[in-house]
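Peer 1: My questions all concern the structure below.
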Amino acid sequence: MTPSPVGRPTRGTTGVNRLRRVDRWIARHPVLRRADDPLIVDLGFGASAATPLELHARLSRVRPDAEVWGLEIDPERVARARAQAEGIAGVDFGLGGFEVPTPGDRRPAIIRAMNVLRQYDEADVADAWARMCARLAPGGILVEGTCDEIGRVVTWVEVGADAAPRSLTVSLRLADLDDPVILAERLPKALIHRNVPGERVHAYIAALQREWHRAAAVAPFGPIHRWRTAVAALAAGGWPVSGRSRWRLGEVGVDWSAVAPA
């Protein structure tokens with residue numbers, strides 16, 4: 001008898017181009033580029049095949065041999081996705097949850113689980129991370145986070161195969177950004193209830209907001225210049241930020257130690 005999938009069905013919300021920011025980050029990640037078996041799992045892909053197909057299209061530009069395996073708990077979603085992706089090589093779908101079943105029991109290099117843990121309690125996060133990471137190939141990563149409905153505010157955690165979180169990345173659309181504090185609404189489940197005084201992530205968001213407003217003097221040079229000025233000031237202030245080459249895209253990473261729950 002096939003074991004029941006571990007987890008609960010998501011709302012199934014999906015949308016074209018919604019996960020473009022995290023897709024492009026994954027496409028640049030060394031884990032994808034050096035993987036012996038570039039199998040990527042899209043866990044909880046939702047009501048259609050849109051996001052797994054987009055993920056495959058973006059990753060295959062870097063790794064033409066990349067394969068995407070979409071997992072859902074709802075059999076109807078799996079059947080619908082297979083019909084939508086019929087005839088497209090490198091993408092397939094199966095029934096499963098946090099136990100991450102794969103064809104031939106292959107170990108994925110990367111598991112992407114976006115907008116999956118939002119419906120769970122914070123206390124459930126560590127166990128979900130551990131279950132998923134136990135299925136990773138050596139050196140693999142879990143990318144777990146959340147975003148708004150149209151992908152303009154996105155945050156995610158990189159978690160190693162040992163289930164230890166490494167970094168938090170924030171990616172915002174700069175063209176119409178008024179205040180970076182908007183990211184607080186879309187923090188990953190491990191952090192969203194921690195945005196209160198006394199918590200590290202609260203201090204980080206406050207520092208980013210403060211530097212963004214201080215950088216208003218350079219706003220006439222455009223939002224990209226303003227964002228880069230703000231993030232550079234964070235770095236100068238001792239925050240362990242990363243991803244300098246991506247700052248122009250409204251993206252910045254920070255070491256997990258700087259935002260981890262107190």
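Peer 1: Looking at 149, 72, 86, can you tell me which residue is more than 16 Å from the chain's Cα centre (by Cα) and more than 19 Å from residue 6 (Cα to Cα)?
Peer 2: Numbers: 149 fails: more than 16 Å from the chain's Cα centre (by Cα); 72 fails: more than 19 Å from residue 6 (Cα to Cα).
Of 149, 72, 86, the one residue that is more than 16 Å from the chain's Cα centre (by Cα) and more than 19 Å from residue 6 (Cα to Cα) is 86.
Peer 1: Further question on the same structure: Would segment 88-107 turn up any residue that is outside any helix (DSSP H, G or I), of a type outside the set (D, E, K, R) and without any contact (Cβ under 8 Å) to a residue 12 or more places away in the chain? Don't jump to the end; show me each part of the working.
Peer 2: Filtering segment 88-107 down to residues outside any helix (DSSP H, G or I) leaves 88-102, 106-107.
With the extra rule that they be of a type outside the set (D, E, K, R), the set shrinks to 88-91, 93-98, 100-102.
If we keep only those that are without any contact (Cβ under 8 Å) to a residue 12 or more places away in the chain too, we end up with 89.
Among the residues of segment 88-107, at least one is outside any helix (DSSP H, G or I), of a type outside the set (D, E, K, R) and without any contact (Cβ under 8 Å) to a residue 12 or more places away in the chain, which makes the answer yes.
Peer 1: Then there is this: Within segment 231-256, how many residues are without any contact (Cβ under 8 Å) to a residue 24 or more places away in the chain and either under 19 Å from the mean Cα position of the chain (by Cα) or closer than 19 Å to residue 173 by Cβ (or both)?
Peer 2: Restricting attention to segment 231-256, the residues satisfying the condition of being without any contact (Cβ under 8 Å) to a residue 24 or more places away in the chain are 231-233, 235-236, 238, 240-241, 244-245, 247.
Right, trim to either under 19 Å from the mean Cα position of the chain (by Cα) or closer than 19 Å to residue 173 by Cβ (or both) and you get 231, 241, 244-245, 247.
Count: 5.
Peer 1: With the requirement that a residue be of a type outside the set (Ser, Thr, Tyr) and either open to solvent by 10 Å² or more (accessible area, probe 1.4 Å) or in a loop (DSSP other than H, G, I, E, B) (or both), what does segment 115-125 give you? Can you show your working first?
Peer 2: Going through segment 115-125, the residues of a type outside the set (Ser, Thr, Tyr) turn out to be 115-119, 121-125.
115, 116, 118, 119, 121, 122, 123, 124, listed by residue number.
Peer 1: Let me ask something else. Residues to consider are 181, 196; find the one that is aliphatic (A, V, I, L, M) and over 23 Å from residue 248 (Cβ atoms). First the steps, then the outcome.
Peer 2: Working: 181 fails: over 23 Å from residue 248 (Cβ atoms).
Sole residue among the options that is aliphatic (A, V, I, L, M) and over 23 Å from residue 248 (Cβ atoms): 196.
Peer 1: Can you give me the ranges of the helices (runs of 4 or more DSSP H) entirely in segment 162-244 with at least 1 residues that are modelled with pLDDT of 95 or more and surrounded by fewer than 16 Cβ atoms within 10 Å (Cβ to Cβ)? Explain how you work it out, then say what you get.
Peer 2: Values: elements: 189-192, 200-214, 223-236.
Correct list: 200-214, 223-236.
Peer 1: Could you count how many residues in segment 27-38 are crowded, with 23+ Cβ neighbours inside 10 Å and either in contact with a Cys (Cβ under 9 Å, 6 or more places away or on another chain) or aliphatic (A, V, I, L, M) (or both)?
Peer 2: Within segment 27-38, residues that are crowded, with 23+ Cβ neighbours inside 10 Å and either in contact with a Cys (Cβ under 9 Å, 6 or more places away or on another chain) or aliphatic (A, V, I, L, M) (or both) number 0.
Peer 1: For segment 44-77, which residues satisfy the criterion of being open to solvent by 10 Å² or more (accessible area, probe 1.4 Å) and either small (Gly, Ala, Ser) or touching a residue at least 60 places away in the same chain (Cβ under 8 Å) (or both)? Before the answer, list the steps.
Peer 2: Initially, segment 44-77 is screened for residues open to solvent by 10 Å² or more (accessible area, probe 1.4 Å), giving 44, 47-48, 50, 53-54, 56-58, 60-65, 67, 69, 73-77.
Passing the criteria: 44, 47, 48, 50, 57, 60, 73, 74, 77.
Peer 1: Can you find even one residue in segment 133-149 that is over 24 Å from residue 181 (Cβ atoms) and polar (S, T, N, Q)? It would help to see each step written out before you state the result.
Peer 2: Quick first cut of segment 133-149, residues over 24 Å from residue 181 (Cβ atoms) only: 133-142.
Right, trim to polar (S, T, N, Q) and you get none.
No, because not a single residue in segment 133-149 is over 24 Å from residue 181 (Cβ atoms) and polar (S, T, N, Q).
Peer 1: A further question follows. Taking segment 6-24 only, how many residues are open to solvent by 30 Å² or more (accessible area, probe 1.4 Å) and not small (Gly, Ala, Ser)?
Peer 2: Within segment 6-24, the subset open to solvent by 30 Å² or more (accessible area, probe 1.4 Å) is 6-9, 11, 13-14, 16-17, 20-21, 24.
Restricting the remaining residues to those that are not small (Gly, Ala, Ser) gives 6, 8-9, 11, 13-14, 16-17, 20-21, 24.
Counting residues in segment 6-24 that are open to solvent by 30 Å² or more (accessible area, probe 1.4 Å) and not small (Gly, Ala, Ser) gives 11.
Peer 1: Which of the numbered conditions does residue 137 fail, given that it passes all the others? Conditions: (1) open to solvent by 40 Å² or more (accessible area, probe 1.4 Å); (2) more than 13 Å from residue 19 (Cα to Cα).
Peer 2: Single failed check for residue 137: (1).
The values are calculated or read from the model by the stated rules, or taken from the named source; none is laboratory data. Note that the coordinates shown come from a computational prediction; the quantities given were computed from them, not determined experimentally. Cβ: placed from backbone, ideal geometry, glycine included. Neighbour counts: every protein chain shown. Keep in mind that these areas ignore ligands, DNA and RNA; they rest on the heavy atoms of the full protein, side chains included. Shrake-Rupley method; radii C 1.70, N 1.55, O 1.52, S 1.80 Å.
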